[in-house]
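Trainee: Next up is a structure, given as structure tokens.
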Amino acid sequence: MTAARRSRKRYICLAALVLGLAGLAPVLHAATTERVVVDRHTGLAIYGIDPVAYFTAGRPTAGREDFEHRHAGAVWRFVNEGNRAAFAADPEVYMPRFGGFDPVGISRGLAQPGYPALWVVSGQRLYLFYTADARTAFLAKSSEVIAGATARWPAVKNELAE
């Protein structure tokens with residue numbers, strides 16, 4: 001291991017120790033236990049897209065930094081205070097189902113993160129997809145895909161925690 005890598009490793013271990021002593025370790029743990037797709041560089045859920053906007057505007061809309069809400073180990077952004085308040089009141093309604101993982105992949109036992117531009121609202125729930133082909137497959141047989149994903153989701157979630 002190079003000297004630079006050893007130094008980085010020491011820095012990461014020190015940062016983890018400091019966070020643990022500061023009482024922030026449960027926050028870091030929540031991101032894993034909630035199993036929501038989060039951008040590892042920014043901590044943003046669904047890349048900063050407002051999840052409520054899929055329902056109100058019918059399209060993905062970038063949220064604003066001044067309208068943020070922390071939930072399920074992630075930072076969620078919103079277009080306005082009304083959307084943030086709606087989400088805070090009932091996040092399960094607006095969060096992407098299966099934590100933002102592609103339901104087609106989940107129905108096959110794979111945890112593939114969905115992208116906000118590849119989406120469908122079906123049965124009053126938001127679904128994100130890994131590829132356009134997965135979205136097309138979902139639209140062709142949504143009830144079958146949802147049933148398969150629902151059945152496999154507990155096992156896929158358990159694998160994510162490891």
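Readers should treat all values here as calculations from the given coordinates under stated rules, not as data from a laboratory. These figures come from a predicted structure and were not determined experimentally. Here the Cβ is made from the backbone with ideal geometry for all residues, glycine too, and neighbour counts use every protein chain on show.
Trainee: If R₀ is 25 angstrom, what is the calculated FRET efficiency for the pair residue 120 and residue 40, using the beta carbon separation as r and rounding to 0.05? Don't skip to the end; give the middle numbers.
Mentor: Working: r = 25 Å, r/R0 = 1.01.
So, using R0 = 25 Å, E works out to roughly 0.50.
Trainee: Return the long-range amide H neighbours of residue 101 (sequence gap of 5 or more, or a different chain), with a cut-off of under 5 Å between placed amide H atoms.
Mentor: Distant-sequence amide H within range of residue 101: 37, 114.
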